[in-house]
Amino acid sequence: MAIERIHHVAYRCRDAKETVAWYGRHLGMGFVLAIAENQVPSTHAPDPYMHVFLDAGAGNVLAFFELPNSPEMGRDEATPAWVQHLAFKVGSLEELERTKASLEAAGVEVIGITDHAIFKSIYFFDPNGHRLELAVDTATPEMNRQLDDVKWAMLEEWSQTRRAPQHAAWMHEREFGAH
C-alpha cells in the first residue's frame, strides 16, 4: 500500500459558521463542503453534528466538527500548549510577514517570527483554541542533506537516552552557514 496524500485532518470547533468565516478571512481557505447528520455513520450513535471542510491548498483539506450535544471543548492538559499545533507552509518570507501584520491588525495575537534555522514561522490561535503555525522554508540543500545524514543516528540516540542529541547542534548556533 502507498499513501497518496492526507485526505483531510479533522478537529473540533465551537461554531462551524464562525470557523469557516475565520479561516477564509485570515488564511484564505475556501469552503469546500458541509456534511450534517443526526447519527454518526461509523458508530451509529445518535449525535448530531456539522462537519465542514476547508481548502488548505495543494489538495489538502482541513475539516472541523461542531458537536452541539457534547461537553464543552477542552484540551489535553498533560501536553504543553505549544506541542499540539497545525503548521501550514507559505511561499515566501514576505507572505509570512504580510500575514503576520494582517493577523495582528485584526486583533489576533501572534508569536514570532521565530527562526528555526531551516524555516521561519509564526504562531497564533484560531477561535477554537487550536494553535496554528505558518512556516516558510529557508534551508539550503546542504542543510537538508546534513539533517538527512543524521536523522537515524539522532533517533537512535534519543531512543536510548531521552536527551537531545547534538548531531545537528549547528541549527542553534548564530552562524548557520559555518558547518
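The values are calculated or read from the model by the stated rules, or taken from the named source; none is laboratory data. Predicted model only: the values in this text are computed from it and were never measured. Glycine also receives a Cβ, built like all others from the backbone with ideal geometry; neighbour counts cover every protein chain displayed.
Quick check on my filter: what residues within region 4-44 are at pLDDT below 95, over 21 Å from Lys89 (Cβ atoms) and surrounded by 11 or more Cβ atoms within 10 Å (Cβ to Cβ)? Listed by number, the residues that qualify are Glu37, Gln39, Val40.
For every residue, the table says whether it meets (1) among the acidic types (Asp, Glu); (2) over 18 Å from Ala21 (Cα atoms).
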position: Phe65; (1), (2): no, no
position: Met73; (1), (2): no, yes
position: His85; (1), (2): no, yes
position: Glu95; (1), (2): yes, yes
position: Ile122; (1), (2): no, yes
position: Arg131; (1), (2): no, no
position: Asn144; (1), (2): no, yes
position: Asp149; (1), (2): yes, yes
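In region 15-43, the residues that are in a helix (DSSP H, G or I) reach residues that are surrounded by 12 or more Cβ atoms within 10 Å (Cβ to Cβ) and β-branched (Val, Ile, Thr) with C-beta atoms within less than 6 angstrom, at least six apart or across chains, in these pairs: Ala16/Val52; Val20/Val52. The set of residues from region 96-115 being surrounded by 15 or more Cβ atoms within 10 Å (Cβ to Cβ) and not in a helix (DSSP H, G or I) comprises Val108, Val110, Gly112, Ile113. Evaluating Ser70 against the criteria (1) in a loop (DSSP other than H, G, I, E, B); (2) among the hydroxyl-bearing types (Ser, Thr, Tyr); (3) more than 30 Å from His51 (Cβ to Cβ) leaves one unmet condition, (3).
Residues in region 118-168 that are of a type in the set (Phe, Trp, Tyr), crowded, with 17+ Cβ neighbours inside 10 Å and in a helix (DSSP H, G or I): there are none. Of all residues in region 45-65, those being assigned to a loop (DSSP other than H, G, I, E, B) and either surrounded by 12 or more Cβ atoms within 10 Å (Cβ to Cβ) or in contact with a helix residue (DSSP H, G or I) (Cβ under 9 Å, 6 or more places away or on another chain) (or both) number 3.
Here Ala56 clears all of (1) touching a Cys at 6+ places or on another chain (Cβ under 6 Å); (2) under 25 Å from Thr138 (Cα atoms) except the condition numbered (1).
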